[in-house]
Each structure stands twice: as structure tokens, then as C-alpha cells.
Amino acid sequence: MKTAENEPTPDELAAMAYADGELDEAARRAFEARMANSPGLAREVTHYRRLHALAARAAPIEPMDVEWRRLARDPLQRGLTALGWSLAAVGCAALAVGGCWMLAQCALPAWAKWGCGALLGASVLLFAAALRARMRTRPYDPYTEIQR
Amino acid sequence: MDSVPGRNIVKVLGLARGNTVRARHVGRDIGAFLKNLVGGEIVEYTKLLAESREQALDRMIADARERGADAVVGMRFATSEIASGASEFLAYGTAVKLAPEGPSDTVR
């Protein structure tokens, strides 16, 4: 039977099965007899055993991770996200400007207007302080790189 | 694990603990809210819990080292939500001094 170029040869398959301990007693003895006269076959077995040890130590890559990375590069996904956030930013800015204008125009007494204005101003200043503190401490936060 | 194979606990140094409360920023919270609508893993919060877990664990280890401990046995994690979208993680265990396994295994 002619094997395709990328398919393992019968010898490679036998070496894999031997390295994985999948052969029965008779087949194992027969393979060991062949291996004794074939350095190439012995090298194959060593190679698969090393590969097995390496695979046992490596954390498996979740198929979902591959798709997450692909999605992060996908132009449509990036476009949808960028457009969504841009619209949200425009909406927030419009509400903030409109809210301040309405506050200035409404029929509330001056002390209420100034009170609301002071509260809004305080929120902005305190948020700016919290953001500044976070930006300053973030480089010293080693936990931001952890994914799961 | 409540013991260390091949070693005896010769002294109990007390409770070693570390905790933290962490949150993701509001953008991630909005993303997480939207993912909540469609189901599946909310990676924003997976990351949040993983960050909290590692920080609490590191603080517990630092606390144990400060006490001169060789190991922490009976280690546990506890979690709670302290505010909406913020996770508290507590790692705690018993800090102990160890000695090679032998007849003099009295715990003081």
C-alpha cells in the first residue's frame, strides 16, 4: 500500500505504539527484536518518548483561545467594537454637554444650580484622581498580565 | 494538603493569610455585561478572578515567610463579591516549621 507523503509509515506507527506501551506482549517482543538491529527505529522510539514527556509538561492550548486571537484580528469584529465605543463616547459627551446646558437654563434657584454643578465637578475631579492613581500604580501591578 | 510527605511538622506558627479585592475597569464590565446576554465564558471575569487568586496567594506566601514558615498546610481559598463587579479573594492556611521525618515529631 502506498502511503501519502504526510502519513506516518508503518515503522513510525509501530514505534509510536511501542513508545506509548500499546503493543501486546508478542508484538512488543517482535518490535524489540527488530529495534535491536535497527538504530533508526530505536531513534524513532526515543524521539516519541521525548515528545511524550514534553507533551505531558506542556499546558494544552484551548481551541477557544485560537478563535479569540483570530477574532481579535478580524476587521469586522474590530470595526464593530471601535464603532460601538466611539458612538458610546459621543453619546456620553453629548449628554454631559446637554445636561450642563439644561442645568444652566432650567428654573432652579441659583443655590441648587451651584450645588448640582459642584457635585458634577467633584465627581469629575475625584474620578480624575482615581484614574491618575491607577495609572501611576499600574506599572507596579504584576497581576495585570495574568489571563486565567 | 494537611501534611508534607517526608517531613514532620515541628511547630505551628499560626494563620498565614492574604487577601485582595480587585475590579476590572468599566469598559470591561460593559463587555462582560454584553457577554452575559449571549452566554459562554466571560473572559473579563475569568481574568479578574485569576488576578485576585494570584495576588491573594502571593500575599499569603509573604505572610508565611514573615513568620519564618517552611510551609503552609491546610491551605484554602475563599471568595466573595464585595461590590458589584469587584471580587474579594482570600487565601489562608496554617504556617508551619518542618523537620526531616524522624522519631522526634512532636508538634509544639
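Scanning segment B:31-50 for residues that are within 10 Å of chain A (Cβ to nearest Cβ) and touching a Phe, Trp or Tyr at 6+ places or on another chain (Cβ under 9 Å) gives B:Val43, B:Leu49, B:Ala50.
Take the residues in segment B:46-98 that are of a type in the set (Asp, Glu) and surrounded by 15 or more Cβ atoms within 10 Å (Cβ to Cβ), then tell me which one is nearest to B:Asn8 (Cα to Cα). Break it down into steps so the answer makes sense when it comes.
As a first pass, look at segment B:46-98 and keep what is of a type in the set (Asp, Glu): B:51, B:54, B:58, B:63, B:66, B:70, B:81, B:88.
Then drop every residue that is not surrounded by 15 or more Cβ atoms within 10 Å (Cβ to Cβ), which leaves B:51, B:54, B:58, B:63, B:70, B:88.
Details: B:Glu51: 33, B:Glu54: 28, B:Asp58: 24, B:Asp63: 21, B:Asp70: 11, B:Glu88: 33 Å.
Filtering first and then ranking leaves B:Asp70.
Restricting attention to segment A:55-77 and to residues that are outside any helix (DSSP H, G or I) and over 24 Å from A:Ala19 (Cα atoms), the residue that is nearest to the chain's Cα centre (by Cα) turns out to be A:Glu62.
Can you find even one residue in segment A:22-43 that is assigned to a helix (DSSP H, G or I) and under 35 Å from the mean Cα position of the chain (by Cα)? Spell out how you get there, then give the answer.
If we filter segment A:22-43 for residues that are assigned to a helix (DSSP H, G or I), which is where we start, we get A:25-36, A:39-43.
Checking which are under 35 Å from the mean Cα position of the chain (by Cα) leaves us with none.
No, segment A:22-43 contains no residue that is assigned to a helix (DSSP H, G or I) and under 35 Å from the mean Cα position of the chain (by Cα).
Among residues of segment A:121-147 being more than 28 Å from the chain's Cα centre (by Cα) and away from every other protein chain (no Cβ under 14 Å), the one that is farthest from B:Ala23 (Cα to Cα) is A:Gly121. Kindly indicate whether B:Asn8 is under 30 Å from B:Ala95 (Cβ atoms) and more than 14 Å from chain A (Cβ to nearest Cβ). Yes. Among what's in segment B:51-76 and is of a type in the set (Gly, Ala, Ser) and part of a loop (DSSP other than H, G, I, E, B), pick the residue that is farthest from the other protein chains (Cβ to nearest Cβ). Among residues in segment B:51-76 that are of a type in the set (Gly, Ala, Ser) and part of a loop (DSSP other than H, G, I, E, B), the one farthest from the other protein chains (Cβ to nearest Cβ) is B:Gly68. For segment A:10-21, give me each residue that is exposed (fewer than 11 other Cβ atoms within 10 Å of the Cβ) and part of a helix (DSSP H, G or I). Result: A:Pro10, single match. The one condition from (1) buried (at least 16 other Cβ atoms within 10 Å of the Cβ); (2) within 14 Å of chain A (Cβ to nearest Cβ); (3) under 11 Å from the mean Cα position of the chain (by Cα) that B:Arg28 does not meet is (3). Being modelled with pLDDT under 90, farther than 30 Å from A:Tyr18 by Cα and either charged (D, E, K, R) or surrounded by fewer than 10 Cβ atoms within 10 Å (Cβ to Cβ) (or both) is a property that A:Arg138 lacks. Among the residues making up segment B:1-49, those that are under 21 Å from B:Thr79 (Cβ atoms) and acidic (Asp, Glu) are B:Asp29, B:Glu41, B:Glu44.
The values are calculated or read from the model by the stated rules, or taken from the named source; none is laboratory data. Just so you know, these numbers come straight off a predicted model, no measurement behind them. Positions of Cβ are backbone-derived with ideal geometry, glycine not excepted, and every protein chain shown enters the neighbour counts.
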